[in-house]
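Down below is the structure, laid out as structure tokens.
The values are calculated or read from the model by the stated rules, or taken from the named source; none is laboratory data. Since this is a predicted model, take the numbers as computed values, not measurements. Cβ sites come from the backbone with ideal geometry, for glycine too, and all protein chains shown count toward neighbours. Protein only, heavy atoms only, side chains kept; ligands, DNA and RNA dropped before computing areas. Shrake-Rupley method; radii C 1.70, N 1.55, O 1.52, S 1.80 Å.
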Amino acid sequence: MMMVEMSSVSSALLPITELTDHLRLSSGFADDGSQDAQLESCLRAALAAIEARIGKALYRRGFSWHLSHWQSVTAQVLPVAPVSSVDTVKLVSRAGAETVLDPGSYSLRVDSHRPAIEAVSSLPNPSSGGSIEIEFTAGYGLDWHGIPADLRQAVLLQAAELYEAQGTGEAGMACGVAVLIEPYRSVRMRGLSG
């Protein structure tokens, strides 16, 4: 299984000003933008860390997910949430020939933690050596203010932690971030043997 972002978050959408204010970098001085690249790097790292920890995309963007087989012939849980649309589902043969599935043969089960593609009857298997490619759109907001407030605060706290720890190699999860992101984490249940 491999998931690829089809586009990255534009620099213009990143909250550089909010992070500058959070760090109080502009207090008493004119902001000449000289730290913007460093702040952007910290924000991107914070976004990636939080998205990985909660299994959710903060900014809405496209993803392409490749897998070798379905989880089941009736449904396939998607690897990230919240999903707003399934754009295409393709079966790809070993030779690279693509067959796009009829969108009427499946639907999106919207779920804040485990969205899924559900088959109307059953999901067709790829040919031997073939694969499945699912293109979908996921994420909370098109811009910074479309992301839930507690997740925005977690990103700023984590980015500040990364900014302040530069060169020391001591950056970890910032104090308070775990509490802010906990409601967004997916609970994984495992069967008990006994």
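Descriptive notes on the structure:
- Here the stretch 70-120 exposes an accessible surface that is 53 percent carbon and sulfur, computed with a 1.4 Å probe and the other protein chains kept in place.
- Averaged over its residues, the chain has an accessible area of 55 Å² per residue, based on protein heavy atoms and a 1.4 Å probe.
- Space enclosed by the convex hull of the alpha-carbon atoms of the chain, per residue, Å³: 175 Å³
- Backbone HN-Hα couplings from phi across the stretch 123-140 [Karplus 6.51/-1.76/1.60, Hz, Gly and Pro as x]: 7, x, 7, x, 5, 4, x, x, 8, 10, 10, 10, 10, 8, 10, 9, x, 6
- Structural descriptor for the chain: relative contact order 27 percent, calculated from alpha carbon pairs under 8 angstrom and at least 6 residues apart.
- Sorting the segments 127-139, 49-61, 108-120 by their mean number of nearby beta carbons within 10 angstrom, highest to lowest, gives 49-61, 127-139, 108-120.
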